[in-house]
Amino acid sequence: MPYGTFDKKEEADDAYWEGEEFRKLTPHFEDCVYKNLPNLLNECILEDVEDREKDISLLSDLTALSAALPRTLGIYNHKKYSPHIFCFIIAPAGSGKSTAQTGRYLLEDIQHWIISTSDYRQKTYQHEHTQWQIECNRKRKSHEECPEEPEKPAYKTLFLSATTSYTRMQTQMQDNDAQGSIIFDTEAQTLSTANNLDCGNFDDMLRKAFEHENIDSSFKANGIKPICIRHPKLAMFLTGTPGQVNNLLGSYENGLLSRILNYTFRGMPRWKEMGDDNISLEDSFKPLAAQVLKMYRFCLNNPALFHLSLKQWDHLNRTFARLLFSVALEGNDDLQAIVKRYASLVMRISMIQTRIRQFEENNLSQDIYCKDEDFVRSMKIILCCYEHSRLLLSSIASPSTHPLKNPDSTRNFINELPETFSTEEAIKIGEKYGLNNRKIYRLLKSLNGLKIKKVSHGIYTKLSE
């Protein structure tokens, strides 16, 4: 093997492990996130687990419950949104992602009820269709007009399989209609493999479903009647390893990253004590699944419109305006989409909690209002996941794969600039953070008038905050 090839591989390995150090430092949810939760969510909280495992379980539960609240809407930027959210947990194998299954356990009774109802309707239809055929034969003999043929009901199911095709996913989403759907899979590779097949390529459908934008198609596989899905509702929860990120999200131009609540980490290896436990995690969630089914049926019978208070909207606007300003200063156009879409996710997670409380209080009002404690919790969850997404974006900033980089490098560079400095000094400081000359010149130009002021050729001063 040529020495040059060996050196490049060694450098790539060093860059990879340096990137994994950043993954170890990602924040976890603050303790206050787990206080004063709605009763149902509080009963879902796992005891005696690592912080990361607890966070994963909470995100799993929130994503699952977002698909269990039909006829729930909130208005954001003059558009109606349901609570449905996307979430992706990224960590190496054996990192404790198994707690992600708790969300699926919560939905098992709803799935069983929906399928049982669909089976019953299919059997009823078969009987009615047989009777219709008999009646038609009798009418034809007497030269009478046949009655109208009974319409075959759609077969509904809450879960969409991650092993699917473009046309099949569309058909099932159309059948589920306003009920909505969820993709829940603990192997992101399953979905990315299906997506990369010739019959897959449903990235655009996922993006449209997140925004509730209409999905239309008229492929030959659809038959004569085109598929038209009005205001699709879809939740998605996936877990996977770092190597599966690019397979699913592709490049930043894909647009999925900014629509997904991302949570990535790398923990220290620890052995968990094993024993002959009396009850499995799945069994312990069965009473909660029964409660979730009751809540689902409550929501079906009681539509609700969600509201934030003026004070909460003001806090949201100020927080994300600051984030967007910071991102603009760094010249990171790709991160702007994450900031804007994550602001809408604050509303969705707040909506989930508020709807749960309405069910628990048996409140039949058609307008529901968010409690401050639930809004603050939503903000903390979103801002924590935002830091995780900033890190992930550093590794998929172009169609080719790159190791993770420090997402604070530009911010730290700006902070380290002296009160008065020259272009040469800025370049020297930028080298410490891996910023090339072109990046420095572009930053100085974009910061001029906002953070710095050009006083003469090649000389700048910092503006006071």
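The values are calculated or read from the model by the stated rules, or taken from the named source; none is laboratory data. Nothing here was measured: the structure is a model prediction, and the numbers come from that model. Don't worry about glycine lacking a Cβ; one is built from the backbone with ideal geometry, like all the others, and counts go over all protein chains shown. Keep in mind that these areas ignore ligands, DNA and RNA; they rest on the heavy atoms of the full protein, side chains included. Shrake-Rupley method; radii C 1.70, N 1.55, O 1.52, S 1.80 Å.
Structural remarks
- Taken over the range 78-122, residues that are farther than 30 Å from L25 by Cβ, under 16 Å from the mean Cα position of the chain (by Cα) and small (G, A, S) amount to 1.
- Residue satisfying all of: in the range 289-335; among the aliphatic types (A, V, I, L, M) and touching a strand residue (DSSP E or B) at 6+ places or on another chain (Cβ under 7 Å); nearest to D408 (Cα to Cα) among these: L305
- Taking the range 138-165 as the range and being farther than 18 Å from E128 by Cβ, more than 31 Å from the chain's Cα centre (by Cα) and of a type outside the set (D, E, K, R) as the test, the residues that pass are S142, H143.
- Taking the range 135-170 as the range and being in a loop (DSSP other than H, G, I, E, B), open to solvent by 90 Å² or more (accessible area, probe 1.4 Å) and modelled with pLDDT of 85 or more as the test, the residues that pass are E145, E148, E149, E151, K152.
- Taking the range 1-94 as the region of interest, the helices (runs of 4 or more DSSP H) fully inside it that hold 2 or more residues being out of contact with any helix residue (DSSP H, G or I) (no Cβ under 7 Å at 6 or more places or on another chain) and either at pLDDT 95 or above or small (G, A, S) (or both) are 3-24, 51-66.
- For V327, the conditions (1) among the aliphatic types (A, V, I, L, M); (2) over 20 Å from the mean Cα position of the chain (by Cα); (3) within 24 Å of S60 (Cα to Cα) all hold with the exception of (3).
- Annotation note: of K54, K123, the sole residue that is open to solvent by 30 Å² or more (accessible area, probe 1.4 Å) and farther than 30 Å from R23 by Cα is K123.
- The range 434-454, residues that are more than 34 Å from the chain's Cα centre (by Cα), open to solvent by 20 Å² or more (accessible area, probe 1.4 Å) and not aromatic (F, W, Y): N437, R438, K445, N448, G449, K453, K454
- The residues of the range 415-458 that are outside any helix (DSSP H, G or I), on the phi < 0 side of the Ramachandran plot and among the small types (G, A, S), listed by number, are S422, S456.
Each row is one residue, and each column tells you yes or no for (1) open to solvent by less than 10 Å² (accessible area, probe 1.4 Å); (2) over 30 Å from P92 (Cβ atoms); (3) in contact (Cβ under 8 Å) with a residue 40 or more places away in the chain.
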{"site": "N262", "(1), (2), (3)": "yes, no, yes"}
{"site": "F265", "(1), (2), (3)": "yes, no, yes"}
{"site": "D283", "(1), (2), (3)": "no, no, no"}
{"site": "N317", "(1), (2), (3)": "no, yes, no"}
{"site": "F320", "(1), (2), (3)": "no, yes, no"}
{"site": "L323", "(1), (2), (3)": "no, no, yes"}
{"site": "R357", "(1), (2), (3)": "no, yes, yes"}
{"site": "I368", "(1), (2), (3)": "yes, yes, yes"}
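- Note on the range 330-343: residues that are part of a helix (DSSP H, G or I) and either open to solvent by 10 Å² or more (accessible area, probe 1.4 Å) or touching a Pro at 6+ places or on another chain (Cβ under 8 Å) (or both) amount to 6.
- Applying the condition of being surrounded by 15 or more Cβ atoms within 10 Å (Cβ to Cβ) and hydroxyl-bearing (S, T, Y) to the range 407-433 and asking which residue is farthest from V327 (Cα to Cα) yields T423.
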